[in-house]
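A short worksheet on the structure shown next.
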Amino acid sequence: MKAISGFPAFTIDAGPHEGCDGVGPLLLQEYLTGDELRIHAVDSDFVSHLLKKNDGIDYRVTGLAGLERVSISSGEQDALRDMMEAEGVRFGGIDLIRSKNRLIVLELNPMPGYHPYEARDDDNPITEMIYKSLINNECAD
């Protein structure tokens with residue numbers, strides 16, 4: 001269960017209608033198992049991380065034990081590019097679960113926080129990717 005209004009909210013494990021009183025709009029989702037990934041996309045380039053979580057469902061509450069750079073297949077990249085194009089975004093943070101050799105997209109964040117990922121990964125080029133994209137776009141006009 002995750003709140004979907006305009007204020008910060010976290011994901012909790014709850015049964016049907018448990019803890020829902022007075023919370024506001026909710027997203028109820030089947031509990032999915034697998035590896036949690038965050039993919040930062042800039043135009044057609046991707047930086048993918050496996051989230052090594054501490055105990056709990058929502059790493060924003062319990063923290064991350066670490067990150068590991070991972071690769072995604074060219075077919076998965078094509079599917080994510082198509083999704084971003086359909087949504088009209090050039091930059092995004094895509095939250096997914098890799099389950100049984102398939103990716104399940106949880107959400108596409110059009111304004112993701114990416115600095116915590118760069119701080120934990122010495123070879124993380126997200127800021128550089130954004131900069132190059134903006135400069136190349138500016139020069140093209």
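Some notes on this structure:
- Across region 34-46, rounded Karplus estimates of 3J(HN,Hα) from the backbone phi angles (6.51 cos²θ - 1.76 cosθ + 1.60, θ = phi - 60°) give x, 7, 8, 10, 10, 10, 9, 10, 10, 6, 10, 9, 10 Hz, Gly and Pro being marked x.
- When all protein chains stay in place and ligands, DNA and RNA are ignored, the 1.4 Å accessible-area order of LYS53, LYS100, largest first, is LYS100, LYS53.
- Backbone amide hydrogens, once placed in the peptide plane, bring LEU106 within less than 5 Å of ASP95, LEU96, ILE97, excluding anything fewer than 5 places away on its chain.
- The stretch between LEU134 and GLU118 holds 3.9 nm of extra length on full extension. This uses 0.36 nm per residue minus the Cα-Cα distance.
- Across region 103-118, computed HN-Hα scalar couplings (Karplus, 6.51 cos²θ - 1.76 cosθ + 1.60, θ = phi - 60°) run 9, 10, 7, 8, 6, 10, 8, x, 9, x, x, 10, 4, x, 6, 5 Hz from first to last residue, x flagging Gly and Pro.
The values are calculated or read from the model by the stated rules, or taken from the named source; none is laboratory data. Remember, it's a predicted structure, so these values are computed and weren't measured experimentally. Quick note on the areas: whole protein, heavy atoms, side chains included, nothing else; ligands and nucleic acids left out. Shrake-Rupley method; radii C 1.70, N 1.55, O 1.52, S 1.80 Å.
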